[in-house]
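Bear in mind these aren't lab numbers, they're just calculated from the coordinates by the rules spelled out. These numbers were taken from a predicted model, which means no experiment stands behind them. Because the Cβ atoms are built from the backbone with ideal geometry, glycine has one as well, and the counts that use them run over all protein chains shown.
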Amino acid sequence: MIQVKLPDGSARALEEGASAADLAAQIGSGLAKAAVAAKVNGAVRDLALPLRDGDEVSILTKKDPEALEVLRHSAAHLMADAILRVFPQAELTIGPVVEDGFYYDIHMKDGKITPEDFPKIEDEMKRIAQEGLPFQRCVSDGKDEIFARYRAIDGGQNKFKAELIEGIAERGEELSFYKHGEFIDLCRGPHVPSTAFLKNVKLTKVAGAYWRGDATREQLVRVYGTAFFTKEELKDYLHALEEAKKRDHRVLGEKLELFTFSEDAPGFPFFQPKGATLFNLLAEYMRGLLRRRGYQEVKTPLILSESLWHRSGHYDNYLENMFFTKLKLRDDEDPEQINDNVVEDRPMAVKPMNCPGHLMIYKSRQHSHNEFPLRFAEMGLVHRRELSGVRHGLFRVQAFTQDDAHHFCTPEQIGDEVKMLIDFFEEVYAAFDLGDVRIELSTRPAKSIGSDEMWEKAESALKQALDEKGIPYQVNPGDGAFYGPKIDFHIRDVLKRSWQCGTIQLDFSMPERFGLTYVGADGERHTPVMIHRACYGSLERFLGIIIENYAGNFPAWLAPVQVMVIPVGEKFDAYAKRVAEELLDAGVRVETNLSDDRVGYKIRDASLKKVPYVVVVGEKEQSSGTINVRHRDDGSQRETTVPELLATVNFAPPKRSPPAVAAE
RNA sequence: GCUGGCGUAGCUCAAUUGGCAGAGCACCUGUUUUGUAAACAGGCGGUUAGGGGUUCGACUCCCCUCGCUAGCUCCA
């Protein structure tokens, strides 16, 4: 007999050689049926794996997130099996689980797989799922029959799998395979007990990929799919995908006339009037908060000398992402002739970051520790060259505005500054209904400047601030900026998608490189610490995020047009104008629709533009001096007055800031 | 940057085997003066992304460039 421990701390006695499945059956038939896999001493394993004395075991059911990963990995095998039945010439490579499902990278010696092939593959998958074939784990020495059968599975010539097996042998790991029916695949496992679990699967897309992610290696076809335990979950997921498509900020941006792009300026957005209104609202809301926190706004040049970028380290570390100016001059002899790429005596570069500009301002006069922490803020427009394939609406552009700021302070002040920023940023995200915030700490990357000691000091300072704040965070090794470690804020939107927005970066290098000093209490000169920080990250990108988060239905304070006034006939145009003027005087962004269309048409028009409040006025309203307000979200109507509307609706930005901090 | 897909009016999309470039919406004009998601009629709108080629003839087939797009890689 052996003894195993359960999650509740109790112990169970089992027969020698009993498996987790046996354990589940002993606990109850319900659990035995619901069991998907087991967690043994913290590792997810097959249910069929024999347990050992003293193991800590918990049975995983479909409620456990780990179980979903097991399911999806099994679904990848199922798909691989089906693809081989449809495309016998296909060669399998790897098939891992990803956030929303799984994929399998396949090498096609000839032919290709397109979405048109999905139904065929899915039909095969359904058939195999229906057969309820058990997944069996087999361990091989690389010479036995199992291995021979495995090698034959996709033609016997598969060099990708051979390479994987070589790697396993080199690392001295166990060579394991999983078999269902006639299909065998190299796999560490674990898997669900049988293909019967895999009835709710769906192929989603195909994409190109490279073997081992290396562009110089073989091109592979990556087939994506997803799997769920129940039909409902799959349906909900597919529905969420549709929902995400409807919320796509690129589509809404065009429909709502917020911004547009031109072939002549790839990756550079053009903000139309309504988009510019939103953009400015983001900036103004932020400015209000910055003032209350003792920031001073500055403005620095777009173009600075190349030598400055050498000094800052950007030239060495960020060259590929920078735009450089280039001169064209008319030939002295022949004015018709234009000389391209004229070498400048003092070459210039467009700023990809604002920090050197702020350093110049810091250096413009002497500083004392008495004015610390000194905080310079700028809505800084930066330009960054991006590879053509990565541009994406407002999420990834080549010119964007950072709500950037740099704090100059003493090493002792770092903790308080970081803690202040965490509260500050969380307040901002909450204002946009983005309350789900995740924090990551990124450490020294491969390409970096500064000493080991400096990095250690900086990393531990950030860690300490986070620990003192008592908030959970995840460490991201090697993901820091080239000049220092950073704390990143990832926020989840209403569709549970994660976006990186805020960042707090510690920098001991730049102040030294630029010879920044301050006079301390001891009368001596010291080098200040610099904190780079941004809350929105990029206003453009943040705007894209909130467009999708709100599906274009902005709360009243953000709506580019807050109120649309519609008279029921031209007799009431004058009254409509008067109402609009009253609202305008109160600071409301109001428009009046005096066209000769029907009221129904104008209401529809305002609805499509997602204007939060429609005011309809006619005989009744004019004679009683009232307005009729229709709300965008529920279509409800009410009779009211302009002052009452102003009193009940938050047309102004939210105010939840802590007590103001006086600026120096 | 790489691989695949795509590019027709401002937008969404048609155009049979290579055979006269078209519709709805939007816009403009007129009639209509309207009560909570679409009144009616007419009109304007195109170097079919750009360039080259094949052909009697190219939106359609081929090549190059640009852009968009899904991924890969990278990032705010």
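How much length is gained if the chain between A:Asn341 and A:Glu456 is pulled fully straight, taking 0.36 nm per residue apart and subtracting their Cα-Cα distance, in nm to one decimal? Let's see the in-between values first.
Working: separation 115, 0.36 × 115 = 41.40 nm, distance 4.37 nm.
Residue separation times 0.36 nm, minus the Cα-Cα distance, leaves 37.0 nm.
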* To the nearest Å, what is the center-to-center distance of region A:544-603 and region A:106-183, using C-alpha atoms only? -> 61 Å
* Asked: Along the positive direction of the dipole of chain A (beta-carbon charges: Lys, Arg +1; Asp, Glu -1; about the Cα centre), which of A:Leu238, A:His314, A:Leu289 reaches farthest?
  -> A:Leu238
* Structure fact -> To the nearest 10 degrees, the tilt of helix A:231-247 (Cα long axis) against the first principal axis of the alpha carbons of chain A is 30 degrees
* To do: Tell me the label-point distance for the pair A:Ser262, A:Asp236, using the 7 Å Cα-to-Cβ offset, in nm and rounded to one decimal.
  => 4.6 nm
* **Chain lengthening between A:Val251 and A:Gln26 when straightened (0.36 nm per residue, less Cα-Cα)** => 75.5 nm
* **222 nm mean residue ellipticity, helices alone, for chain A (DSSP H n ≥ 4; -39,500 (n - 2.57); rounded to 500)** => -10500 deg cm²/dmol
* Of A:Ala76, A:Val44, A:Val97, whose Cα points farthest to the positive end of the dipole of region A:40-123 (charges on the beta-carbon: +1 Lys, Arg; -1 Asp, Glu; origin at the Cα centre)? -> A:Ala76
* Asked: Got the relative contact order for chain A handy, in percent, Cα pairs under 8 Å and 6 or more residues apart?
  -> 9 percent
* Taking amide H positions as placed in the peptide plane 1.01 Å from N, state which residues far from A:Met348 in sequence (5 or more) or on other chains have amide H under 5 Å from it. => A:Glu306, A:Thr325
* Asked: Distance in nm between label sites at A:Asp633 and A:Phe270, each 7 Å beyond Cα in the beta-carbon direction?
  -> 3.4 nm
* To do: State, as an integer percentage, the relative contact order of region A:66-244 based on alpha-carbon contacts under 8 Å between residues 6 or more apart.
  => 29 percent
* Per-residue HN-Hα couplings for region A:521-538 [Karplus 6.51, -1.76, 1.60; θ = phi - 60°; Hz; x = Gly/Pro] -> 4, 7, x, 8, 8, 10, 8, x, 8, 10, 10, 8, 8, 9, 9, 5, x, 10
* Calculated FRET efficiency for the pair A:Lys326/A:Val494, C-beta based, R₀ 41 Å, to 0.05 -> 0.35
* Asked: For chain A, what is the Kirkwood estimate of the hydrodynamic radius, computed as the reciprocal of the mean inverse distance between distinct Cα atoms, to one decimal in Å?
  -> 30.0 Å
* Using the Cα centre as the reference, give the magnitude of the dipole from point charges on the C-beta atoms of region A:3-149 (Lys, Arg: +1; Asp, Glu: -1; all else neutral), rounded to the nearest 20 debye. => 220 debye
* For region A:458-552, what does the equivalent ellipsoid look like in terms of its semi-axes, each the square root of 5 times an eigenvalue of the Cα gyration tensor, given largest first in whole Å? -> 33, 16, 12
* **Estimated dipole of region A:66-244 in Debye, rounded to 20 [Cβ of Lys and Arg +1, of Asp and Glu -1, Cα centre]** => 320 debye
* For region A:2-61, calculate the relative contact order in percent as a whole number, restricting contacts to Cα pairs under 8 Å that are 6 or more residues apart. => 43 percent
* Say the dipole of chain A comes from +1 at the beta carbon of Lys and Arg and -1 at that of Asp and Glu; which of A:Ile121, A:Phe554, A:Pro352 then lies farthest toward its positive end? -> A:Phe554
* Principal-axis tilt of helix A:65-86 within chain A, Cα atoms, nearest 10 degrees -> 70 degrees
* Working out 0.36 nm times the residue gap between A:Thr527 and A:Glu166, then minus their Cα-Cα distance, what length gain in nm do you get to one decimal? -> 124.7 nm
* To do: Quickly work out the A:Tyr473-to-A:Met1 label distance, labels modelled 7 Å from Cα along the C-beta direction, and quote it in nm with one decimal.
  => 5.1 nm
